[in-house]
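Here the structure comes first, spelled out in structure tokens, and everything after it is commentary.
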Amino acid sequence: MSTKTKFYLLFFTILLLAFYYFVFRGTDNWKVKMPVLSYVQPFSFTNQDGAAVTDKNLLNKITVVEYFFTTCKGICPKLNTNMKQVYEIYKKEPDFQILSHTCNPDTDSVSVLKHYSDSLQVNTKKWIFLTGRKDSLYQMARGSYLLDDPKNNVEKIEDQFIHTQYFALVDRQGKVRGKIYDGLKVLEVEQLKQDISKLLKE
């Protein structure tokens, strides 16, 4: 290889590196994006204040989603203790929210969810509690948020019950991102916190 050829190779290598530097400097564009797992389908539920919440309320927000029920004495208290840690970190972030859906709407009426949310002493504009039709709630859990196996569907909705320990993370465009997080595992809750920060910066 001649000296002249080496010079041109070196010149174009430096030119290419300079191009990438100026295009990507100050951004996270060079980083690998968190995968898209699913897309949030249209929905309409009722919050603890009796107001409608729809899929449009997710747009331009980073949203953490869970399912629980107020009379649960098993995993739910631990789940919401861990969720409150997430809430405390991001409660002042204008583009962040939590949606907690009941999996027992026959018991968890609007007034029951209001009492429950008051007991947690949280801002219910940031941490929102939802009830609605059982079939719609369950379809969202399985089809949109991937928080329960769709194979758990049985013939009668009355015979179904979701008892899931998982959290989902939704970006500003209504896409479920990252992974499905085990809300009982400290390391996975920590990963969720980190991933929320990443999405807030996107």
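Points to keep in mind about this one:
- Of all the residues in region 159-202, those that are touching a residue at least 24 places away in the same chain (Cβ under 8 Å), surrounded by fewer than 18 Cβ atoms within 10 Å (Cβ to Cβ) and acidic (Asp, Glu) number 1.
- Within region 45-73, tally of residues that are in a loop (DSSP other than H, G, I, E, B) and either hydrophobic (A, V, I, L, M, F, W, C) or outside the structural domain of Gly132 (by TED's automatic domain parsing) (or both): 4
- When residues in region 140-177 are screened for being at pLDDT below 95, over 22 Å from Asn80 (Cα atoms) and not β-branched (Val, Ile, Thr), 10 of them pass.
- Output for region 45-80, where each listed residue is without any contact (Cβ under 8 Å) to a residue 24 or more places away in the chain and among the aliphatic types (A, V, I, L, M): Ala51, Ala52
- Filtering region 100-115 to residues that are within 23 Å of the chain's Cα centre (by Cα) and either closer than 21 Å to Tyr145 by Cβ or among the charged types (D, E, K, R) (or both) leaves Ser100, His101, Thr102, Cys103, Asn104, Pro105, Asp108, Leu113, Lys114.
- Count - residues of region 150-186 that are over 20 Å from Lys134 (Cβ atoms) and among the polar types (S, T, N, Q): 1
The values are calculated or read from the model by the stated rules, or taken from the named source; none is laboratory data. Since we're looking at a predicted model, the values are computed, not measured. As a convention, Cβ positions derive from the backbone with ideal geometry for all residues, glycine included, and neighbour counts pool all protein chains shown.
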